[in-house]
Amino acid sequence: MTITLAAAAAERAHNVRQRGDRPSQRRCAEQANARATVRATLSGVQVRDSADGGTLEFLGHASVYEQAYEMWDMFGPYTEIVSEGAGTDSLARADLDVPLVLGHDQLRRMARTTTGTLILGEDATGLSVRAPALDPSDYDVAYIAPKLRSGLIDEMSFAFRIESGQWSPDYTEYRINRYDIHRGDVAIVGYGANPYTGASLRQPAAAPTSSRARALLEIALAR
């Protein structure tokens, strides 16, 4: 029997000790074994031929800030929001290590911040993702590129840890105020949780062959 938002909030209010406590058993669906991923739809996918026919550039957002989406915890459903600027401290790390992967599979990496092939930042939309020079001959790039072009795959998410957040007074909403994405990932997925982000894939006019990557674009593994 599906638990209602109000019933879940009532249980949460009775059992959560402090409003600053993180969601317990956080996940993106009702099923207890569902992952805690945050979905972002990849709208506006584009692929263009470059002058040298060499590389692909990926642009997108792994999270959209200030947009509510449904999540679940041990008590039932709730609304979650990532605050604007929630990733600022984490993204500023000099040793930031985040790969761009397929389906949160760490063995299917296409780009990585430590190699300079993946660039992460924050803008007016949310967590921005740029892989400037993907290698079309890489197995994972070759696999996902036509699916992005055709719209068969059009969502992404990111894996992170919640460092700070707070429940609303009625315990129906949880706001993530600060997250840590170091050693997490940004991933191209079939389905996740947050349906608001966008991305594009294209072939740049002059992408340097020396920065060839293995990369492409599910809010978040947080426990």
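The values are calculated or read from the model by the stated rules, or taken from the named source; none is laboratory data. None of the values given here were measured: they were computed from a predicted structure. Note that we place each Cβ from the backbone using ideal geometry, even for glycine, and neighbour counts take in every protein chain shown.
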For this session: Kindly provide the set of residues from segment 66-90 that are surrounded by 19 or more Cβ atoms within 10 Å (Cβ to Cβ) and among the hydrophobic types (A, V, I, L, M, F, W, C), ordered by number.
Result: Met71, Trp72, Phe75, Ile81, Val82, Ala86
Exercise. In segment 57-76, what residues are among the small types (Gly, Ala, Ser) and in contact with a strand residue (DSSP E or B) (Cβ under 6 Å, 6 or more places away or on another chain)?
Worked result: Gly60, Ala62, Ser63, Ala68
Exercise. Among the residues of segment 1-40, which ones are buried (at least 17 other Cβ atoms within 10 Å of the Cβ), of a type outside the set (Gly, Ala, Ser) and in a loop (DSSP other than H, G, I, E, B)?
Worked result: Val16, Arg22, Pro23, Arg26, Cys28, Arg35, Thr37, Val38, Arg39
Seminar exercise, completed: Checked segment 107-121 for anything surrounded by fewer than 19 Cβ atoms within 10 Å (Cβ to Cβ) and in contact with a strand residue (DSSP E or B) (Cβ under 7 Å, 6 or more places away or on another chain); matches are Ile119, Gly121
Problem set entry | Arg161 vs. criteria within 18 Å of the chain's Cα centre (by Cα), closer than 29 Å to Glu30 by Cβ, among the basic types (Lys, Arg) and in a strand (DSSP E or B) | yes
Seminar exercise, completed: The residue that is modelled with the lowest pLDDT, considering only those in segment 146-174 that are of a type in the set (S, T, N, Q) and surrounded by fewer than 16 Cβ atoms within 10 Å (Cβ to Cβ), is Ser150
